[in-house]
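K.L.:
I have a structure I would like to understand better, so I am pasting it below and will then ask my questions one at a time.
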Amino acid sequence: MRNLKNNNSSTWRGTLSVRNRLILIIIITVSLYSLLYIASIIPLSADEITSLMEEAEKILREKYTIMDIFLNNFMISLLMFIPLAGPFIGGYAIYFTGRLIGALSVSTGVPSILLISMTIITFYGFIEFLAYGTAFTESIVFTYSIFKKKSRIESRWLIISIAAVAILLLIAATIEYMLIQFFGQIYPNLEELPAKI
């Protein structure tokens, strides 16, 4: 009976165990992919498709370096770390990406689930979302630790999480850049694709 009381009183020590943290990261990563897919299948108006395809053309036209890709994604991830507001900011970013995929799906006739799957198969998308899942998780846990007045204990994990996200996104950016270069050689006018669809 005494042991049970001790266990109950020590449920929250100001931080999650590594095991529980990893489980939460996986759950949130899957949830983010679900949000991406749901956003991609929401019907779009003709004006929305035109606007989103123009955005896609603008993105494809740019000549990005590994650091450009990394910094763009890392800045988004840093916003996700913000206590309380981070998940909402990140959620909107994922939602907008899903809408963009939806526009590409409608324009090309390729199912959005296949477009999303391609980012997983080529691995860079999976690594990116794992990084975002880590940022979401830390934002939620850190916010909870603030309410529990244990933020100083959780601060160590905040720094570790930011470093881990940076490493993951740098790996993802390198793979994405290599894929862009590869497909750029196969299809030199890749940036003109949205305009031709």
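The values are calculated or read from the model by the stated rules, or taken from the named source; none is laboratory data. These numbers were taken from a predicted model, which means no experiment stands behind them. Note: ideal-geometry Cβ built from the backbone for every residue, glycine included; neighbour counts use all protein chains shown.
K.L.:
Can you list residue pairs whose Cβ atoms sit under 8 Å apart, with the first residue in the stretch 83-112 being among the hydroxyl-bearing types (Ser, Thr, Tyr) and the second being part of a loop (DSSP other than H, G, I, E, B) and modelled with pLDDT of 90 or more? Count only pairs 6 or more apart in sequence or on different chains.
P.N.:
Pairs found: 105/111.
K.L.:
Also: Looking at 115, 170, which one is among the aliphatic types (A, V, I, L, M), closer than 25 Å to residue 89 by Cα and at pLDDT 95 or above?
P.N.:
Answer to the check: 170.
K.L.:
So, in the stretch 38-93, of the ones that are part of a loop (DSSP other than H, G, I, E, B) and modelled with pLDDT under 85, which residue ends up surrounded by the most Cβ atoms within 10 Å (Cβ to Cβ)?
P.N.:
64
K.L.:
Looking for whichever is without any contact (Cβ under 8 Å) to a residue 12 or more places away in the chain and over 21 Å from residue 35 (Cα atoms) here; the options are 147, 142, 126. Which one fits?
P.N.:
Only one candidate qualifies: 147.
K.L.:
Checking residue 117 against (1) surrounded by 15 or more Cβ atoms within 10 Å (Cβ to Cβ); (2) within 17 Å of the chain's Cα centre (by Cα); (3) closer than 22 Å to residue 38 by Cβ, only one condition comes out false. Which one?
P.N.:
Here residue 117 meets the rest and fails (1).
K.L.:
Condition first: among the β-branched types (Val, Ile, Thr) and within 11 Å of the chain's Cα centre (by Cα). Now tell me which residues in the stretch 72-88 satisfy that.
P.N.:
76 - this is the single residue of the stretch 72-88 that is among the β-branched types (Val, Ile, Thr) and within 11 Å of the chain's Cα centre (by Cα).
K.L.:
So, one more: If the Cβ limit is 7 Å and pairs must be 6+ apart or interchain, which residue in the stretch 17-34 that is under 21 Å from residue 125 (Cβ atoms) pairs with which residue that is assigned to a helix (DSSP H, G or I) and of a type in the set (Gly, Ala, Ser)?
P.N.:
25/133; 28/133; 29/133; 32/133
K.L.:
Of everything in the stretch 173-188 that's part of a helix (DSSP H, G or I) and over 24 Å from the mean Cα position of the chain (by Cα), which residue is modelled with the lowest pLDDT?
P.N.:
In this case the residue turns out to be 186.
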